1. Of all the residues that make up the stretch 45-71, how many are open to solvent by 50 Å² or more (accessible area, probe 1.4 Å) and of a type in the set (S, T, N, Q)?
2. When you scan the stretch 71-80, do you find a residue that is over 19 Å from the mean Cα position of the chain (by Cα) and assigned to a helix (DSSP H, G or I), even just one?
3. So which residues in the stretch 177-202 are open to solvent by 70 Å² or more (accessible area, probe 1.4 Å) and more than 18 Å from the chain's Cα centre (by Cα), if there are any at all?
4. Say whether the condition of being of a type in the set (S, T, N, Q), exposed (fewer than 15 other Cβ atoms within 10 Å of the Cβ) and part of a loop (DSSP other than H, G, I, E, B) is met by at least one residue in the stretch 152-160.
5. Residue check: is Ser27 open to solvent by 40 Å² or more (accessible area, probe 1.4 Å), closer than 17 Å to Thr214 by Cβ and assigned to a loop (DSSP other than H, G, I, E, B)?
6. Can you tell me which residue is nearest to the chain's Cα centre (by Cα) among those in the stretch 1-24 that are of a type in the set (Ser, Thr, Tyr) and either under 18 Å from Asn110 (Cβ atoms) or surrounded by fewer than 20 Cβ atoms within 10 Å (Cβ to Cβ) (or both)?
7. Could you list, in sequence order, all residues of the stretch 21-76 that are touching a helix residue (DSSP H, G or I) at 6+ places or on another chain (Cβ under 7 Å), among the aliphatic types (A, V, I, L, M) and closer than 30 Å to Arg186 by Cα?
8. Out of Phe121, Phe129, which single residue is free of Cβ contacts under 8 Å to residues at least 12 places away in the same chain and either in a helix (DSSP H, G or I) or open to solvent by 10 Å² or more (accessible area, probe 1.4 Å) (or both)?
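The values are calculated or read from the model by the stated rules, or taken from the named source; none is laboratory data. As the structure is a prediction and not an experimental result, all values here were calculated from the model. Quick reminder, even Gly has a Cβ in these numbers, built from the backbone with ideal geometry, and neighbours come from all protein chains shown. Surface accessibility is based on the protein's heavy atoms, side chains included, excluding ligands, DNA and RNA. Shrake-Rupley method; radii C 1.70, N 1.55, O 1.52, S 1.80 Å.
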Amino acid sequence: MIIWIASYPKSGNTYVRSFLSAYYFSSDGEFNFDLLKNIKQFPNVEFFEKPLDNVDTASENWITAQRKIKGEKKARFLKTHNCLGKFKGKPFTTNEFSLGGIYVVRDPRNVITSVKNHFSFDDNQALKFVTNINTEIKETNSNDFRTWSQLSSWSNHYKSWVKSHNFRKLLVKYEDFENDKYSTFRDIIIFVNALLNRTERVDKKKLEKAIESTNFTVLKNKEKNEGFEEAAYSKDNEKKPFFNLGFNNRWKKLLNDEIREKIETEFYSEMKELDYL
């Protein structure tokens, strides 16, 4: 059974994944990049027996792959950027395969500036990415669709995960990792332990160490010194820093007024609901 760590791209998914891997897959809460191998991304190449040549066959194999995971008869975390819903009638997942999900949401005005940097987009490309209901991603320059994910727009993605009631979910705001880091990570552990029917209390010492060793500055320095295989490439085919600005990604400094107004208009209801406006 799967515990999903879900988010729109550039919303803090890898940050949460790093923390969870340090807490659950180390003896003392000390993080290293190898621990991330315990929390794979789905969909991804390793979950499918052979290459998939289009989006239809990719979506048809989502449940087949998850059925094999269920056959392992143990709980496992999986990271995903996929929208929670159906593609041409084919569900991304169901409660038969999913124990629960942690959904990380981030102010879309900061998402767009991070998306712009990560994908080497200009303002209009980044705006189209977050507002287009047909937005999708897969491995660049590949005809293999095993990595293909259906995203939709930022608002549709958020609603697909948070408004559905097919399995238990915890909503986490990226901004809370800055404003109340300890309580936010503690609540994540409590939620996960409840899903796993674990009765032990939160290990405060391990929790504190996991928070300390996955601090954004620590992760940024580790990438600089060790490299990070999940970093994207620039248009010049050079690796760009994955851990770029973190909490210093401030839309008030980086986003022009025209793009800001378009985002606030497009996503008014969801941003109001999340107290972003």
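1. Going through the stretch 45-71 one residue at a time, the tally reaches 2.
2. Scanning the stretch 71-80, I find at least one residue that is over 19 Å from the mean Cα position of the chain (by Cα) and assigned to a helix (DSSP H, G or I), so the answer is yes.
3. Asn179, Asp180, Tyr182, Arg186, Ile190, Asn197, Arg198, Thr199, Glu200, Arg201
4. Within the stretch 152-160, the first condition is being of a type in the set (S, T, N, Q), and the residues that meet it are 152-153, 155-156, 160.
Still in the list and also exposed (fewer than 15 other Cβ atoms within 10 Å of the Cβ): none.
The answer is no, given that none of the residues of the stretch 152-160 is of a type in the set (S, T, N, Q), exposed (fewer than 15 other Cβ atoms within 10 Å of the Cβ) and part of a loop (DSSP other than H, G, I, E, B).
5. Working: open to solvent by 40 Å² or more (accessible area, probe 1.4 Å): yes; closer than 17 Å to Thr214 by Cβ: yes; assigned to a loop (DSSP other than H, G, I, E, B): yes.
Yes; evaluated as a whole, the condition is true for this residue.
6. Ser7
7. Correct list: Ala22, Leu35, Leu36, Ile39.
8. Numbers: Phe129 fails: free of Cβ contacts under 8 Å to residues at least 12 places away in the same chain.
None of the other options fit; the residue is Phe121.
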